[in-house]
Each structure stands twice: as structure tokens, then as C-alpha cells.
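Structure first, commentary second.
The values are calculated or read from the model by the stated rules, or taken from the named source; none is laboratory data. Remember, it's a predicted structure, so these values are computed and weren't measured experimentally. Quick reminder, even Gly has a Cβ in these numbers, built from the backbone with ideal geometry, and neighbours come from all protein chains shown. Side chains are part of the model used for accessible areas, which takes the heavy atoms of the whole protein and leaves out ligands, DNA and RNA. Shrake-Rupley method; radii C 1.70, N 1.55, O 1.52, S 1.80 Å.
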Amino acid sequence: MVQTDRPLEMAPADLVEVAVALPLFGRFTYRVPPLLRAGVEIGQRVLVPFGRRRVTGYVVGRAERPPEAALKSIEGVLDAAPLFPAAMLPFFQWIADYYIHPLGEVLQAALPSGINVADQVSVALTEEGRQALGDPSRDPWEAEVVRRLQRGSCRLTTLKRLAGSALTQGTLNQWKQNGWVVCERALGGGRIRPKTERYVRPLMDKETAGLLSAPRRALADLLAAHGPMSVHDLKVHVPTAANLVRAMARDGQVALETREVYRDPLGAPITPDVPPVPTPEQQRAVATMGAALGNGYRTFLLSGVTGSGKTEVYLRLAAMALERGVAVLVLVPEIALISQTERVFRARFGQRVALLHSGLSDGERLDQWLRIRRGEAAIAIGARSAIFAPFEAIGLIIVDEEHDDSYKQEGALRYNARDLAVVRARQLDGVAVLGSATPSLQSAYNAGSGKFERINLFERVDQRLMPEIVVRDLSDLREERGLRRFLTPELTEGMRACLAQGEQVLLFLNRRGFANTLICAACGQAVQCDRCDISLTYHQQINAYKCHYCGFSQAAVARCSRCGSSRINRLGIGTERLAAHIQERFPTARVARMDRDTTRRKGALLKILKALRERRIDILIGTQMVAKGHDYPFITLVGIICADLSLSLPDFRAGERTFQLLAQVAGRAGRGDLPGHVILQTYNPLHFSITAARDQDYDAFYRQEIQFRQALGYPPFTRMIQLRISGRDKDRVAEHARQLGEAGSVLLRDRQSYGDLGILGPIEAPLARIADHFRWQMLVKGPRAGTLHRFVRDLLFGADTVAPKGDVSVAVDVDPVFLM
């Protein structure tokens, strides 16, 4: 447990420490004006001057008076009460230290988005500017900026997105001096606030109400029956209520008051469930882990085969935690799983459940956060960002499908929610439960070394059998044409038999789109993204070529960029093409797709899952979304179209990911009363990841994979930090990467300080350009995390550090998951 060296209790003080929501390390001291001293607490946001602007800051402690300092004062307190408890500050500080990230940005990432305010610069074009910058001889980026400004003033950030690194601060200052543009600063942001509604409270007795006119009497009767009501609810019964209550308020018959209300993301109430009788394995698991609640920190690895009833174990543990008066945090890897988890927890615990995930609107997320903060919810369910739920005390943290890479956040703050669950449980003396049918190698290793305690569930509930898995070699179909090369006769016949019996089929293909390889028939040139070194994918439904990395899209009528030919061959296979072929092969079947394209709109995923549950879908075709913990009781056949797609990636975890994905998707079969069958198609039937998935033998896979990791010095035997160097200038990025590598080599010569650290690279990233940013990477690995972190800090922030030039940036990824 990492302790802050600042006191968490704060009496009224004239100096406070503030972390600002900017990419700056350290805490900053501000003076508190006398009128605000009684109202400033740790966990509140404050508006502070910073340089020439005002930004949002977070009060993180009390400050000692510096010997010599002309301190600025905070300008306002933005919250009536702290947004997070002071007890969470050590957790946030641990994150900042471990992930080498500014504390202010950690807090910004943790809190609901859309609530912060800051000075924003708007730019307007003058008449002189229209003439000077409208010159046709000027650079294209200047013409783009002028076209935007001619429509009216806009934020400076908008112009920088249009112009990129070409629009520097020096250029903008020169334009201002020339009188071409005018810049203004104004406080912006903070668009999300608590929602309020007008409520009506009666002020008259029953006798007085009887003397009112008929419309007023009807409204008074409603208030007498239900008590204070919102104007919105009154209008359901009395359409003219808005006008009536204003008139009645003027006459002193009712009082109008504004109340804060919650935006409800939960929807209709759910019928309470009847807990099933647990299996003997479930009983033993609940007894062992339940006994640990309230008795200090413990982490359990719950390793249960698919369909073994891990969710029921979670529910029973949650009930035991609530009986002890402590909160429960439940993490699931993706938003796609939250609806299922939320439904079963609400059926058991009702309104004590809150949701926290990015699928909510900003307002809904703020309201759920406030419910937790105010103690109105005792269970929080969400994806990785829910790890920041503002509970005072958490007794139980559950991480379902703990092996899933989705727990790793990619972005400014690259954290792993699974790892943070263990850290938060340790800091709060709570219990962490990591559940999976295919545990991550790291968690299994920790269980083997004694850091975690492993509990196994070997059998499915109701004594259901595990699905039978057969492997078929796609090499036998190489002479076939079209999509017949991807559908073995066994799979086709199995689907036909399954449909004839009224059962459901799941086809898994981890590649979306219609055709993923686009080749010019005239010159052989691949059709690539203009902004990435990636081939485009054809999407038939929108008749466009799309990049799955930056979102670039162009019409499918576009010609070859090299020779101008319009003859583009669309090769390869994706879920869209597979769905079209299956619908043609089985014309009476009801075919649906579940991938990122079909679930993009809010509510689309729930609609697909509901249709599947109600048996209005016969064949579901999907990407890895279908493999993640969903319960499909009527699916009896799973077809894995090509099991090799992830094996060829240049990543040491490729084998692990392939095994987990295949074992998980195979586990969707036979979860109801009927037995399941899986046909696994592959070009590598003898690869140990394939054979272990076929035999449903996690231990066999672990034994072979752990030997490979140990021989090559990869995690879990070493720790790794990845440095990602990127920017728009290819030569500058390459030069800074080389300089960083040389500086690292010089530092490593001091073996006494850094021990057995090693550097891999720097090299160009496998995906060398994404969204017009060129990318290099360097891996630093070693056996001890402390030494590794100290080396990276010395390399990036030491006295001899070489600062990046231009827009080149260096991102730090501790314990990287994606190496592309």
C-alpha cells in the first residue's frame, strides 16, 4: 500500500495543494481566500489561474507555507461536496506513480467527463485577414483555416485539428500582430451538470381545494393523493399543468421548488429472481471466499469452465458483502456484457445497483456517480472505468472474464483495470475475485506462486456436458472457389441439421466487413488508407472502403491511386460477406450479425441479444463480441470459421489470445438443456493453442506457454514498459526514437544502478503509420518493477533528457498489452 505523505484530513486552511487537469507532473500550491476557507475539502474541484489561463484543479491536500512565494488564489469552488472521498487519494496517487502519469490527468480520467471548465481561445477573422490570407498562393492548410473562419469565429483547437502542426503559436501571434485575426479567451466547458426539475407542493387544505375551479381541483387532488409531484408527471394527468401551477403559485395555492433528479439509464424494473440451488462446487467456492470477507486483503482466482455458474457465485458473495455493510464493485470487460450482468444483479438486489460505463450519456454517468458518492447505491457494475467508483469502503471487487484485454485502457492514461482491482482491494483490506474459464497467464502464474488463491469449478451447472469439439483442416479446401474454401462439409451439414431441429447456430469470424483485401486488377496495387499504412476493408452495406484504425472512408467507386483503374478485386472474408453467403445458402433462415458495425447505435446490441433470447434469430454471425461471457441457452452448434487469424500477429501473446478466444467461443455451445457441438476450422490443426482448445485443457496450454515465456524472458517472468514515439514528421520521429535508444544505452552502462534491464529497439512499429502519425517503439524489460520505473523516469525526465522536437511525443505504456 502506497501512502501519501500529505494528511488526508483538512481543517480550514489558507493554503492548499492542487493537481491541475493538464499534462504536468507535481502539485501546485494556491492560497484560499477567506470567504472560501470553510468550504474547501479534498476531492473538490476548484477554478484556478494557471499561467495566462484558468483551468480546473482538484484539491488533493493541505500545503505548508513555502519560504518565498507569490501565490495565486483559487477563484472559485466548483462542487458543493467532494466528488471523491479523501480515502481514494492514495489510490489515485498509486496510479500516477505506477503508470508515470500526472495526478491531475489521472483524476480527470477517473471522474465523469464533461464537468470541467477552462479558459478556451476563440479566433475570428478580420477584414484585413480575409484579403491577406485569401491569397491563392498561400499554403493549402492556410486556405483550409480561412474557409473555416469565413463561416464565423471558432475555437483555436478546431483550427489546429484542420492545420495540424503547421499552425504554431508563433504563426498565430504573427497573424494577431498583422491584424488578420482577433483572439479572445472565455471560460468554457462544464456542459454537464446535475439535472433539475420543477416540483409542485400543495399549500392548501382539503376544504380550500374544494372551492377551486375544476381544472385546479383536479390538480390539487393529485397532489393530495401523491404528495409533491414534478410538473413533468403532472402533465401526464393534466396536460395544462404547466400553466395551471404558475397561476396557482401566484395565488398562494401551491409552491414551486427546484429539485435535483437523476437521469435513469436502467429502464423498466426487473422481476426479482429466486436464487437457484447451488452446486457443491459453488457452495465450496462461496464458503471459502465468503469467509475471507472482513478479514483483510485476499485475491482469489476463480477458474471455472464455461457454464459452471460463476455468476451465481458472484451474486452470493455480493449478498454476503452487503450484509457486512461494505460496497461491491463488479467489473466486466465490455459494455456488451453489462446489460446481462446488470439484469441478474438487479433481479437479486433491486435499486441498490448503479452503472458506470462509457455507453451512458455524460449526464447519466454523472448521476450514477453521485448516487454512489451519496451512499444511495451499494453495488456498482461497469466496464474498466468503473474501477474508479467513489465508494468510501469496498469489501468485494469482482473482475469477470479477467483474462480479457479490454481491461487495458488505450489512451492518455494506459491503465489495466484488472490490476487496479487488486491494488484497490489491497489498499482497502478487501477481497478481489478474478473470474475466468481461461485465466490470463499472469493471473495463473500469480496463483501458482502464492500471490493469489485459486479456486476451481470443473463442472457445468445441472450436470450439463461440455461441448464436443472437432477440428477440421481448411487446407483440404484450398482447391475450392469463393467462400466454399471457408466452410467445410461438416459445418454446412451440421448447420442444416441444427436448423431442421429448430436450434440456433453461432458462427465466429474475428474479422468484420465484406472484403479485407482490395487489389487493383490492372497493376496489383493494394488499396490502402491515405492516413495509415493499412489496407482498407470493403463494407458492402454502405458501399465504401473503410480503415478500421483511423476511421478514414472513401466511396467504393474510387479508382486505383497508382494506375487509375476502376477494376478493384475484393478478396478475403469478413462477417458481412459471410452473412450474405449464409443467407444465400440458407434462404429461409433468420441470419443476424453482431459486430462493431451492427452494434454501433445505442440499444442495437440489446436488440440483437433480445432477439436471440426470444429465438427470433436462427444463425448469429459475429466477431469476438460473441465470445465474451454471453449466455445463449438455445445455441447447440458453434462454427469457428478460421481459428488462425490471431496466431500470425507479431506479438508474444498471440498464442494465449488465440487459445482464450477459441475456448471462450466454444463455450457458448450447449449451455441449455441440449448438448453442444463445435466445429473448429484451421490451417494449423497441430498448433498447441488449437489442440489445447480442442481438448478444453487449460493446464496443458499453460505448461507449454509458460516454458516459452520463461525461455525468452517475457512476462510474467519480467516486467515491461513500452515507449511509443509518434508524430506527423517521419524523419523527426525516427531521429528522436534513435536518440532515445542511444540515451537508454548510455544509462544502462551503469549496471550497478539498473541491474539486468534490457532494451528492445527502438524500431518502427508493426503499424508504422496511423492517422497520419508515424510510429516507433522501444521496449524496456527487467525483473523488478521499481528499477524499471526508475530507469524510465531517468530516461524521460532526467537532467540529460533530449526533449522531442515539433509535434513528436513519447507515450509511456506500463505493462503493455498491444504491441502493434
Under 25 °C and 0.890 mPa s, how fast does the range 294-375 diffuse according to Stokes-Einstein, given a Kirkwood radius computed over C-alpha pairs? Answer in µm²/s, whole number.
170 µm²/s
Could you calculate, for the range 170-217, the ratio of the Cα radius of gyration to the Kirkwood radius, expressed as Rg to Rh?
1.65
Hey, any idea what Rg/Rh is for the range 49-192, computing Rh the Kirkwood way over Cα pairs?
1.09
Tell me, Kirkwood radius of the range 535-648 from alpha-carbon pair distances, in Å?
16.2 Å
In sequence order, calculated HN-Hα J values of the range 648-663 (Karplus, 6.51, -1.76, 1.60; Hz; x Gly/Pro)
8, 5, x, 8, 5, 8, 4, x, 5, 5, 4, 4, 4, 5, 5, 5
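Dipole of the range 551-600, Cα-centred, from +1 at each Lys and Arg C-beta and -1 at each Asp and Glu C-beta, to the nearest 20 debye? All intermediate terms of the calculation are to be shown ahead of the outcome.
Details: 10 positive and 4 negative charges, 31 e Å.
In debye, rounded to 20, the range 551-600 gives about 140.
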Solution diffusion estimate, µm²/s, Stokes-Einstein, the range 78-131, Kirkwood Rh from C-alpha pairs, 4 °C, viscosity 1.567 mPa s:
90 µm²/s
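For a quick check of your reading of the filter: which GluC sites (Glu not before Pro) in the range 511-615 sit in a DSSP loop and have no more than 14 other Cβ atoms within 10 Å? Each step should come with its number before you reach the end.
Values: sites: GLU576, GLU584, GLU614; in loops: GLU614.
Taking the range 511-615 and a limit of 14 other Cβ atoms within 10 Å, the loop GluC sites (Glu not before Pro) found are GLU614.
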Express the relative contact order of the range 190-339 as a whole percentage, based on alpha carbon pairs under 8 Å and six or more residues apart in sequence.
23 percent
Rounded to two decimals, the Rg over Rh value of the range 342-454 from Cα coordinates and the Kirkwood Rh reads 0.97
Could you work out how far the C-alpha centroid of the range 565-606 sits from that of the range 159-215, in angstrom?
42 Å
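At a 1.4 Å probe radius, carbon and sulfur cover how many percent of the accessible area of the range 51-113? It would help to have the intermediate numbers written out before the result.
Numbers: 1190 of 2570 Å².
Using a 1.4 Å probe with all protein chains present, the range 51-113 comes out at 46 percent carbon and sulfur.
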Do any cysteines of the chain lack a neighbour Cys whose Cβ is under 4.7 Å away, and which are they?
CYS154, CYS183, CYS498, CYS550, CYS642
Roughly speaking, to the nearest percent, how much of the range 124-238's 1.4 Å accessible area is carbon and sulfur?
48 percent
Cα-centred dipole magnitude for the range 46-118, charges only on beta-carbon of K, R (+1) and D, E (-1), debye, nearest 20
240 debye
What spacing in nm lies between the two simple spin-label points modelled at GLN463 and LYS805, each 7 Å away from Cα in the Cβ direction?
7.5 nm
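How much of the accessible area of the range 253-381, probe 1.4 Å, is carbon plus sulfur, in whole percent?
Carbon-and-sulfur percentage of accessible area, whole number: 53.
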For the range 204-360, convex hull volume per residue from C-alpha positions, Å³
189 Å³
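Please compute the Kirkwood hydrodynamic radius over the chain, one decimal place, Å, based on all pairs of different Cα atoms. The partial results should precede the final answer.
Details: mean 1/r = 0.0329 Å⁻¹.
After inverting the mean inverse Cα-Cα distance, the result is 30.4 Å.
Based on the Cα atoms of the range 601-673, what semi-axes does the equivalent ellipsoid have, where each is the square root of 5 times one gyration tensor eigenvalue, given in whole Å with the largest first? Can you show the working numbers first?
Numbers: eigenvalues 129, 43, 20 Å².
For the range 601-673, the semi-axes come out at 25, 15, 10 Å.
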On a straight-distance basis, which lysines could pair with LYS235 in a cross-link, Cα separation under 21 angstrom, same-chain partners fewer than 8 positions away excluded?
LYS195
With a cut-off of at most 10 other beta carbons within 10 Å, and DSSP calling the residue loop, which chymotrypsin sites (Phe, Trp or Tyr not before Pro) in the range 649-695 qualify? Please list them.
none
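Kindly report the accessible area of the chain per residue (heavy atoms of protein chains, probe 1.4 Å, no ligands, DNA or RNA), in Å².
Values: 37390 Å² over 820 residues.
Heavy-atom SASA per residue in the chain reads 46 Å².
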Given a Förster distance of 60 angstrom, what is the FRET efficiency for VAL182 paired with VAL277, based on the Cβ-Cβ distance and rounded to 0.05?
0.20
Counting only helical runs of four or more DSSP H residues, what would the 222 nm mean residue ellipticity of the chain come to if each run contributes -39,500 (n - 2.57) and the total is spread over all its residues?
-9500 deg cm²/dmol
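Scan the range 280-360 for trypsin sites (Lys or Arg not before Pro) in coil per DSSP, keeping those whose Cβ has at most 14 other Cβ atoms within 10 Å, and list them by number.
On the way: sites: ARG284, ARG298, LYS310, ARG316, ARG324, ARG343, ARG346, ARG348, ARG352; in loops: ARG324.
In loop regions of the range 280-360 (DSSP not H, G, I, E or B), the sparsely surrounded trypsin sites (Lys or Arg not before Pro) are ARG324.
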Rg(Cα) of the range 516-565 divided by 2.2 N^0.38 Å?
1.04
Cα gyration tensor of the range 680-738 diagonalised, 5x eigenvalues square-rooted, in angstrom largest first, produces semi-axes 37, 18, 9
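Would you calculate the convex hull of the Cα atoms in the range 48-91 and tell me its volume per residue in Å³? List each step's numbers first, then the result.
Details: hull volume 4.9 nm³, N = 44.
Spelled out: Cα convex hull of the range 48-91, divided by residues, is 111 Å³.
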